[in-house]
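Please read the structure below before turning to the comments.
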Amino acid sequence: MLIPARPEASCPPAMGSIAPDGVGASVERSIGMEEAAAFDRVAERKKAAVSAGLMWKPPAAMVLVQLIITGLIMLSKVVISRGMFIFALHAYRSAFGTMCILPFAMFYERGKWKELNWRTLGWICLNSCIGYAMPTCLNYYGLRDTTPSYAAIFLNIIPLITFILSTVLRMEKLQFGTATGSLKVVGVLLAVGGTMLVSLYKGKVLHLWGSILRHQRYEQPHTAKHHVRGTILLLGSSFTFASWYPIQSMVNKVYPHKYWSSTATCFLGGLQTTLIGIILRRDRNTWKLGWDLQLLTIVYTAVLATAVRYNLESWAVAKRGPAFPTMFIPLITVFTTMLDSIFLGAAITVGSLLGAVTVIAGLYVFLWGKSKELPTK
């Protein structure tokens, strides 16, 4: 007897038959969410790193610039006092500076020189004359007629002049009614006031350490005689140098390639002083260089005080605005006081310490105000 086959039950598929697809989709979604979260965390870390770099790199660069300028003042005073022609000093410094910056321009900004036009060249030519050649030569002549410590005083009115010019030209926001504007104003006043305190108030002498080197100071006979003339020249240098920052800010807008703009500024500024120097003095001995302190000063001014300094300042102007680099100029007086004491045996007084503390406090107040502007830029 044949038993009929039992029909297979038409039951729905077991749950196990669809489990792999459902679980896989869930796992994929979970992995995708974790990857997105990890990507966001990496992006946040990169953003925080960039913000941190913007916070400390410009101030560190400007402190380095002030140390470079301090060395420049000391070396320049010595070679000028020994009779070096000022226009020759500036011409050689500009020539060496151009050669130092040009390789960076050709490597990092290759082909960008083709974007130069007459408008850009006009701004760069104005910048090289008013913001580079004139203030440097006026400062050299004023330094010749006075002393380094006295000349350093006039560098400290540059922040006020630049801040006023930037505010008038609406390149810097003042905002008196806000905490940011008040902090910037208070910072400028504290920094300038502290520098004046270092220069004008002496007080009790503090013997903190002995000098490393003994240096016999000498006075030039004509220094006291032409003190008033030197003061006028230093004032002119401060006013023209303060104009460099707003002009450089305009150069950055029309031609945002700092290496080529710095190269052109050095070249044109040196060309201007060379032509004027040849008209004033055609004696070959005036332009002759030897293996002495004059050559060392020219190399120092070309590599550090021209190439490195102007690139760092141009970069800082682009990052933080035209008033930012000038706020660090009062540190020159502080550095000069310290180095003069350590290496040359000059006395440190109560006034110099109080002034240094005031200058540093002013810098922190100003930077605090600038940091409040940074996230909105």
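The values are calculated or read from the model by the stated rules, or taken from the named source; none is laboratory data. For clarity, every value in this text was computed on a predicted model and none was experimentally measured. Cβ: placed from backbone, ideal geometry, glycine included. Neighbour counts: every protein chain shown.
When the stretch 80-102 is limited to residues that are buried (at least 21 other Cβ atoms within 10 Å of the Cβ) and among the β-branched types (Val, Ile, Thr), the one that is farthest from GLY270 (Cα to Cα) turns out to be ILE101. When you scan the stretch 322-337, do you find a residue that is more than 26 Å from TYR245 (Cα to Cα) and either surrounded by fewer than 21 Cβ atoms within 10 Å (Cβ to Cβ) or in contact (Cβ under 8 Å) with a residue 60 or more places away in the chain (or both), even just one? Yes, that holds for at least one residue.
How many residues, within the stretch 148-178, are among the small types (Gly, Ala, Ser) and modelled with pLDDT under 80? Give the derivation first.
Taking the stretch 148-178 first, the residues among the small types (Gly, Ala, Ser) are 149, 151-152, 166, 177.
Now drop any that are not modelled with pLDDT under 80, which leaves 149, 166, 177.
Counting residues in the stretch 148-178 that are among the small types (Gly, Ala, Ser) and modelled with pLDDT under 80 gives 3.
If you go through the stretch 63-111 and pick out every residue that is over 22 Å from the mean Cα position of the chain (by Cα) and touching a residue at least 12 places away in the same chain (Cβ under 8 Å), you end up with 14. A count restricted to the stretch 145-194 and to residues that are within 21 Å of THR333 (Cα to Cα) and not in a helix (DSSP H, G or I) stands at 4. Counting only helices (runs of 4 or more DSSP H) that fall entirely inside the stretch 267-377 and contain at least 1 residues that are modelled with pLDDT under 80 and touching a helix residue (DSSP H, G or I) at 6+ places or on another chain (Cβ under 9 Å), the qualifying elements are 309-320, 331-344, 350-373.
Each row is one residue, and each column tells you yes or no for (1) farther than 23 Å from ILE69 by Cβ; (2) without any contact (Cβ under 8 Å) to a residue 60 or more places away in the chain.
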| position | (1), (2) |
| --- | --- |
| MET250 | yes, no |
| SER261 | no, no |
| ALA264 | no, no |
| THR273 | no, no |
| ARG284 | yes, yes |
| TRP291 | yes, yes |
| ILE298 | no, no |
| LEU304 | no, no |
| SER314 | no, no |
